[in-house]
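Worksheet for the structure shown next.
The values are calculated or read from the model by the stated rules, or taken from the named source; none is laboratory data. Since the structure is predicted, the reported quantities are computational estimates derived from the model, not experimental observations. Please note: Cβ atoms are built from the backbone with ideal geometry, for glycine as well, and neighbour counts cover all protein chains shown.
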Amino acid sequence: MTHVIALALAAAGQAQSLADLGNEDQQRLQLFNDCLPMTAFVATINEPAEDFGFDRASLEASIQRRLARDGLYSNDAERNRRASLGLSVYVLGEHFVVTLSYVKVVGDMYKNFAPNIVSTAIKADRHHHDGAEVRRNIDEALEEFVASYRQVNAPACASPGS
């Protein structure tokens, strides 16, 4: 259910393939953010998903509450530019796709902080019976994301005030 989007890395003019990095290093690169809170939003919901009763406002409130429970949500405008979690829900015939994309801005020390975007996605694509199954998969994807994020950011998340 979990798929990691491949990232291209460039350092001092030499490209390094993610294949050269271990799984732990890939997760750290994609998810490390010093346990800083993020914004959360719904990127896309298609019409068939809306027919199941999903709407942007309730889904956004749901993911924001889930992140807030772990101190990982912020609606602060400054932080919103640094990291965010976007949810997309598509119902396609008898299947659905749920995608969570974590996006953070990273600095390029060779170009005076020319921002780059790093993203991780978690997808579920299964035969669906009803909206409740899609909702369970959204919740599972959120739990997976939070667990991975907290694991990668463990020292910072364990610090007081995080």
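Being in a strand (DSSP E or B), within 14 Å of Leu85 (Cβ to Cβ), at pLDDT 70 or above and within 11 Å of the chain's Cα centre (by Cα) holds for only one residue in Val118, Val146, Val103, and it is Val103.
Candidates in segment 92-105 are the residues that are surrounded by 15 or more Cβ atoms within 10 Å (Cβ to Cβ) and of a type in the set (A, V, I, L, M); of these, the one that is farthest from Ala147 (Cα to Cα) is Val97.
Only helices (runs of 4 or more DSSP H) whose full extent lies in segment 41-91 are considered here, and the ones with at least 1 residues that are surrounded by 18 or more Cβ atoms within 10 Å (Cβ to Cβ) and without any contact (Cβ under 8 Å) to a residue 60 or more places away in the chain are 56-69.
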